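Notes follow once the structure below has been shown.
The values are calculated or read from the model by the stated rules, or taken from the named source; none is laboratory data. Please read all numbers here as calculations on a predicted model, not as lab measurements. Positions of Cβ are generated from backbone atoms using ideal geometry, with glycine treated the same way; all protein chains shown enter the neighbour counts.
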């Protein structure tokens, strides 16, 4: 059966330490990396070296959000001295 995806709150993910803009940029960059990795895996699968099944990801953005939610990645922002 399908798992139901529940949207994580920005505050739940970062406890208010990160701006929403930084979150959007970080998720977009991570999703791009995930897409590039999937494309690279597809290119290697035809070469016969790897016998592992290719990773399937229908929604790279959702995977990126989950990775940040699970604290697999962190967002570093510069200190601002006003």
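A few remarks follow.
- Some residue of the range 40-57 being surrounded by 14 or more Cβ atoms within 10 Å (Cβ to Cβ), in a helix (DSSP H, G or I) and either under 11 Å from the mean Cα position of the chain (by Cα) or modelled with pLDDT of 85 or more (or both): no
- Qualifying positions in the range 1-39 - at pLDDT below 65 and more than 15 Å from residue 61 (Cα to Cα): 1, 2, 3, 4, 14, 15, 16, 17
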